[in-house]
Protein chains: 2
Amino acid sequence: MRLIDTDGVEALTMRKLATVLDANPMSLYHHVPNKDALLRGVARMVGAQFRTVTLEDAPWQERLRLLATDFRTLAHRHPKLMAYSFTHQADFIQPEDPFWVSLAAILDAAGVPHSEFPQIAALVCAVITGVLSAELNGALRQWSSLNPSTPDEGGLARPGHDEVEVFRLALDTIITGLESRLADGDGSLDAGL
Amino acid sequence: MRLIDTDGVEALTMRKLATVLDANPMSLYHHVPNKDALLRGVARMVGAQFRTVTLEDAPWQERLRLLATDFRTLAHRHPKLMAYSFTHQADFIQPEDPFWVSLAAILDAAGVPHSEFPQIAALVCAVITGVLSAELNGALRQWSSLNPSTPDEGGLARPGHDEVEVFRLALDTIITGLESRLADGDGSLDAGL
DNA sequence: ACCTGAACACCGTTCAAGT
DNA sequence: ACCTGAACACCGTTCAAGT
């Protein structure tokens, strides 16, 4: 983790790891089948650190906001590893993970019909990890500083810490969108397609 | 491109490229400073292929939907490269790109106030590329097939092609969210924070 | 049983020497 | 001026040989 956090996942090398551990590079293969398995193991260890409090009786909107920001907090603790996991490990989120369990409970509380659950859950996961990885890899800051067509207005960019705001904005926007979807088609109509 | 499309970006090697081109590996360095610059160049060439028709007088919602699906079409033409670009090139979308120009025009038509433009634009880009890269790397399919807590229901997953639907769903959801944001705070209030 | 040195098949890139 | 062979400093992984 120290190697990954400071220099990025691609800087983690079986050989470097071995020297840090004062071991022979080949001894690692006694504990792990290969480098990919090692990275999956590390990612799962970090993922297992996820914690969130369950506000049973709060409105689902607030619970979802809390779940997402708790996830963001974890992601910022190991940005390099999480950015890597989001894009290289499609199975990073597992059904038993607290994150998924909480998400399922929240969507259930929101009244998402069973038939629509897989798609809505996938949508929420995709938006959260998508915005988060844009934030972690710098794209979010890049986009926030791109003005419409007048790039000579004021300074180069806004003061700073725009990224939390964009994350919150994205979260609020899909929450509002889900609200109105759940309001006007409770009988699970495939509205508008 | 042939090498990248078939075997992925990480399979593109200066040495392999050279043999495909019937050249000496070192001759490449006469045309390109290094491998990273080569990948940026290829990514920009593909990005420049983006085309979308401008429906000046259609509602902004429909224009945004079209922009996003046109972008998705391009992404699916070179999935490996685009997935790589999304996560490794924060400046993949440039201010002069048709995509960005169109997005700016659409948000303007939607009545997004100038002060909120950077954040809304970043939000839209993040959601589109985020969901798209989840789709390209397989995470979207993974999530769609994860049922709430009854993993023993019916078959293993839905028939197929769920992913377009999730993309459309995400798009519709943020559009609806933006609609209500633009409706109730036209004077650019920082609502709800 | 456990460990490990040497080796294999690769990388990106430099640089001096060729034409 | 342009090209390129050899070399450098790395990789992940195998495998036979050591203890």
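Values quoted throughout were computed directly from the atomic coordinates according to the rules given, and no laboratory measurement underlies them. This is a predicted model, so every value here is computed, not measured. Note that we place each Cβ from the backbone using ideal geometry, even for glycine, and neighbour counts take in every protein chain shown.
One table, with the values for the structure above:
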{"quantity": "Residues located in the range A:33-42, provided they are within 8 Å of DNA strand D (Cβ to nearest atom) and surrounded by 15 or more Cβ atoms within 10 Å (Cβ to Cβ)", "calculated": "A:Leu38"}
{"quantity": "Matching entry among A:Thr87, A:Thr54 (being surrounded by fewer than 17 Cβ atoms within 10 Å (Cβ to Cβ) and in contact with a Ser or Thr (Cβ under 7 Å, 6 or more places away or on another chain))", "calculated": "A:Thr54"}
{"quantity": "Boolean, B:Met45 is assigned to a helix (DSSP H, G or I), within 14 Å of DNA strand D (Cβ to nearest atom) and on the phi < 0 side of the Ramachandran plot", "calculated": "no"}
{"quantity": "Residue list for the range A:5-24, restricted to those being closer than 19 Å to A:Gly47 by Cα, within 12 Å of DNA strand D (Cβ to nearest atom) and among the β-branched types (Val, Ile, Thr)", "calculated": "A:Val9"}
{"quantity": "B:Leu55 away from DNA strand D (no atom under 16 Å from the Cβ), under 24 Å from B:Pro98 (Cα atoms), in contact with a Lys or Arg (Cβ under 6 Å, 6 or more places away or on another chain) and free of Cβ contacts under 8 Å to residues at least 40 places away in the same chain", "calculated": "yes"}
{"quantity": "Hits in the range B:59-84 - residues which are buried (at least 20 other Cβ atoms within 10 Å of the Cβ) and farther than 30 Å from B:Thr6 by Cα", "calculated": "B:Trp60, B:Arg63, B:Leu64"}
{"quantity": "Subset tally (residues that are at the interface with another protein chain (Cβ under 9 Å from one of its Cβ atoms) and within 18 Å of B:Thr54 (Cβ to Cβ)) for the range B:104-117", "calculated": "4"}
{"quantity": "Boolean, B:Arg40 is among the charged types (D, E, K, R) and part of a helix (DSSP H, G or I)", "calculated": "yes"}
{"quantity": "Total residues in the range B:28-60, condition closer than 15 Å to B:Ala75 by Cβ and among the aromatic types (Phe, Trp, Tyr)", "calculated": "1"}
{"quantity": "The range A:91-116: number of residues that are more than 11 Å from the chain's Cα centre (by Cα) and either crowded, with 17+ Cβ neighbours inside 10 Å or not in a loop (DSSP other than H, G, I, E, B) (or both)", "calculated": "16"}
{"quantity": "Hey, A:Glu62 within 14 Å of another protein chain (Cβ to nearest Cβ) and within 16 Å of DNA strand C (Cβ to nearest atom) or not", "calculated": "no"}
{"quantity": "Pairs, first more than 9 Å from DNA strand C (Cβ to nearest atom) in the range B:17-34, second in a loop (DSSP other than H, G, I, E, B), C-beta under 9 Å, six or more apart", "calculated": "B:Ser27/B:Leu21"}
